[in-house]
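Comments concern the structure below.
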Amino acid sequence: MKIFALVNPSLFPAVLEDRFRSVLVVGTWIERHCASNPNLTHSELAPPMVVEWSEDRGDRAGIVWTFGGYDFLCSREVRRALEGLGGQFRFEDVVWNSTVAGESTYYWPVPRKVVSIDTALNGIESELVCSACGLTRHRFKLRPLTLPAEQVDERDVFSVREIGVFSPVFVTEKYANELTGLRLPNLRLLDAGLVR
Ligand SMILES: [Zn+2]
């Protein structure tokens, strides 16, 4: 069974002029002190997503991407449409950094399911983030991925723990077909690998 990643259409292929506006993430990270060196901090992404509109001049679509990223926000209408497909997403709050942008309500859809992959099989390397406490992170990889069949249902939405618990968002072929049927604006489904 195939899987697809939900991506910003303007990144694949990358185009200079965005048709739709994106947002800049300005304050989603939690800082915590390093376990071994209190002068160091390690940051982690956490809800709510604090954003502001980027300077690009496109329209505000029902799906809004973080600039250059794989997190997206959705309007109330798009949230309803996604909920119509089932409870695969939870919807985290979005906080606007500037009041001029607050006229629309947007949510941050996050997959309820997080799966784990075999990093060796998928060629995902680790890098040392902090030499004081030995914190490591996996290098980012979008595709192609091979996922374990026992963790993924036929009609599923998930993130991958080793790549990012919030994004990218992956869906199975069956869910992808239903998502395509919704004809949501500003969304592309990118072939991202297989479940086997
Ligand atoms: Zn550390």
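Laboratory data are not the source of any read-out in this text; all were calculated from the coordinates shown. Everything quoted here is computed from the prediction, not taken from an experiment. Cβ placement follows ideal geometry from the backbone for every residue including glycine, while neighbour counts extend to all protein chains displayed.
Each residue of the stretch 105-111 was assigned a 3J(HN,Hα) from its phi angle through the Karplus expression (A = 6.51, B = -1.76, C = 1.60, θ = phi - 60°), giving 9, 10, 10, 10, x, 10, x Hz with x at Gly and Pro. For the stretch 2-195, a simple Cβ point-charge model (Lys and Arg +1, Asp and Glu -1, everything else neutral) yields a dipole of about 220 debye relative to the Cα centre. Couplings for the stretch 81-91, taken from phi via the Karplus curve 6.51 cos²θ - 1.76 cosθ + 1.60 with θ = phi - 60°, read 5, 5, 5, x, 8, x, x, 5, 10, 9, 10 Hz in order; Gly and Pro are left as x. In the stretch 2-195, the DSSP beta bridges split such that about 75 percent are antiparallel, to the nearest 5.
For the stretch 180-196, putting each phi into the Karplus relation 6.51 cos²θ - 1.76 cosθ + 1.60 with θ = phi - 60° gives couplings of 4, x, 6, 6, 6, x, 6, 9, 10, 9, 10, 4, 10, x, 9, 9, 8 Hz, in residue order, rounded to whole numbers and with x for Gly and Pro. How about the stretch 41-81: which GluC sites (Glu not before Pro) there are in a DSSP loop, with at most 15 other Cβ atoms within 10 Å of their Cβ? Taking the stretch 41-81 and a limit of 15 other Cβ atoms within 10 Å, the loop GluC sites (Glu not before Pro) found are Glu55.
Our compactness index for the stretch 68-196, the C-alpha radius of gyration over the empirical 2.2 N^0.38 Å, is 1.18. The GluC sites (Glu not before Pro) of the stretch 99-196 that DSSP puts in a loop, and whose beta carbon has at most 12 other beta carbons within 10 Å, are Glu103, Glu125, Glu154. Of the trypsin sites (Lys or Arg not before Pro) found in the stretch 1-40, not one falls in a DSSP loop while having at most 12 other beta-carbon atoms within 10 Å.
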